[in-house]
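Student: My structure is below; once you've seen it, I'll send some questions.
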Amino acid sequence: MGTSVERFQNSQWQKLGRLNFSKSTILELIERGTVLDIGCGDGILLENLNKKGINGRGIDISSEAIKICKERGLQCEQSDITDKLPFADNSFDGVVLTDVLEHLFQPLDVLNEAHRVCKEYVYISVPNFVSFPARIHVLFGTVPENNTPRDGHVYWMTKKVLLDLLNRSSFEIEKIIVNTFWENIPVIGYFMKVIKNIFPSFFALSFIIKANKI
């Protein structure tokens, strides 16, 4: 049956996912090299990296997710990503963690392992737990969407928290990309695209970061 964490994650992969904003953005940013996708899920990012000619490999705690990946012909293996990763130092040019860190009780440990096995960079995406919509939910006494039990989020991520974790794991920020709400609405969308970069902690719905190993 596996651990309770594995059972929960298995329940998340009863249907195939899609390239959301975070994965699509990271896919565009990665241009070369070998890549380890930690928490690869059903392999949608790996599959598209391979289409770009990038050698991707995945690892995930969910046996169901790994089964789907293998059915897609992807290189992957099941392992508890909170343990020491089953790879030698500097095994990959880069490491990807898309929507993973917020599911971990000790994200710093996983970032330290990502630092160990990568040669150059890490790409990370996390939701912003203190975005404007989340604050409105709390103001009215309701649980923000980011923290509902169905998502399995256990570590609240903010810009400050994420930057601190990266600094402590010896990564240096190269680029930060954010998205926000109402971006596709005429006129309002232009305003939101401007203000999200001025006040990202308040208006960003998620953060996508490229950081270099130091």
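Student: When the residues of region 135-172 are narrowed to those that are under 19 Å from Pro107 (Cβ atoms) and among the aliphatic types (A, V, I, L, M), which ends up surrounded by the fewest Cβ atoms within 10 Å (Cβ to Cβ)?
Tutor: Ranking the candidates gives Val154 first.
Student: While we're looking at this one, here's another question. In region 142-169, how many residues are out of contact with any strand residue (DSSP E or B) (no Cβ under 7 Å at 6 or more places or on another chain), modelled with pLDDT of 90 or more and either polar (S, T, N, Q) or more than 21 Å from Phe132 (Cα to Cα) (or both)?
Tutor: 7
Student: Something else now. Consider Val110 carefully, then state whether it is in a strand (DSSP E or B), of a type in the set (Val, Ile, Thr) and under 19 Å from Asp37 (Cα atoms).
Tutor: Details: in a strand (DSSP E or B): no; of a type in the set (Val, Ile, Thr): yes; under 19 Å from Asp37 (Cα atoms): yes.
No, not satisfied.
Student: So, in region 56-82, of the ones that are acidic (Asp, Glu) and in a strand (DSSP E or B), which residue ends up farthest from Cys40 (Cα to Cα)?
Tutor: Glu77
Student: Is at least one residue of region 57-69 within 13 Å of Gly33 (Cβ to Cβ) and within 19 Å of the chain's Cα centre (by Cα)?
Tutor: To start, the set of residues in region 57-69 that are within 13 Å of Gly33 (Cβ to Cβ) comprises 57.
Now drop any that are not within 19 Å of the chain's Cα centre (by Cα), which leaves 57.
Yes - at least one qualifying residue is present in region 57-69.
Student: Go over the candidates Pro186, Pro133 one by one and state the one that is over 24 Å from Trp13 (Cβ atoms) and in contact (Cβ under 8 Å) with a residue 60 or more places away in the chain. Spell out the reasoning first.
Tutor: Numbers: Pro186 fails: in contact (Cβ under 8 Å) with a residue 60 or more places away in the chain.
Among Pro186, Pro133, only Pro133 is over 24 Å from Trp13 (Cβ atoms) and in contact (Cβ under 8 Å) with a residue 60 or more places away in the chain.
Student: Against the definition (surrounded by 19 or more Cβ atoms within 10 Å (Cβ to Cβ), in contact with a strand residue (DSSP E or B) (Cβ under 8 Å, 6 or more places away or on another chain) and modelled with pLDDT under 95), how does Gly41 come out, yes or no? Give the steps one after another, and end with the answer.
Tutor: Details: surrounded by 19 or more Cβ atoms within 10 Å (Cβ to Cβ): yes; in contact with a strand residue (DSSP E or B) (Cβ under 8 Å, 6 or more places away or on another chain): yes; modelled with pLDDT under 95: yes.
So Gly41 fits the description; yes.
Student: Can I ask one more? For region 148-190, give me each residue that is hydrophobic (A, V, I, L, M, F, W, C) and assigned to a loop (DSSP other than H, G, I, E, B).
Tutor: First, pick out the residues of region 148-190 that are hydrophobic (A, V, I, L, M, F, W, C): 154, 156-157, 161-163, 165-166, 171, 173, 176-178, 181-182, 185, 187-188.
Listed by number, the residues that qualify are Val154, Trp156, Met157, Phe181, Trp182, Ile185, Val187.
Student: Another question about this same structure. Can you tell me which residue in region 52-76 is nearest to Ser4 (Cα to Cα), limited to those that are surrounded by fewer than 22 Cβ atoms within 10 Å (Cβ to Cβ) and of a type in the set (D, E, K, R)?
Tutor: The qualifying residue nearest to Ser4 (Cα to Cα) is Glu64.
Student: For residues that are in contact with a Lys or Arg (Cβ under 6 Å, 6 or more places away or on another chain) and either in a loop (DSSP other than H, G, I, E, B) or not charged (D, E, K, R) (or both), tally how many sit in region 83-107.
Tutor: Just the residues of region 83-107 that are in contact with a Lys or Arg (Cβ under 6 Å, 6 or more places away or on another chain), to begin with: 89-90, 93, 98.
Going one step further and asking which of them are either in a loop (DSSP other than H, G, I, E, B) or not charged (D, E, K, R) (or both), we end up with 89-90, 98.
Looking only at that region, the number is 3.
Student: Kindly indicate which of Ala114, Ala88 is small (Gly, Ala, Ser), surrounded by fewer than 19 Cβ atoms within 10 Å (Cβ to Cβ) and under 25 Å from Leu49 (Cβ atoms). Steps first, answer last, please.
Tutor: On the way: Ala114 fails: surrounded by fewer than 19 Cβ atoms within 10 Å (Cβ to Cβ).
Step by step, each of Ala114, Ala88 is checked, and only Ala88 is small (Gly, Ala, Ser), surrounded by fewer than 19 Cβ atoms within 10 Å (Cβ to Cβ) and under 25 Å from Leu49 (Cβ atoms).
The values are calculated or read from the model by the stated rules, or taken from the named source; none is laboratory data. Computed from a predicted structure; not experimentally measured. Positions of Cβ are generated from backbone atoms using ideal geometry, with glycine treated the same way; all protein chains shown enter the neighbour counts.
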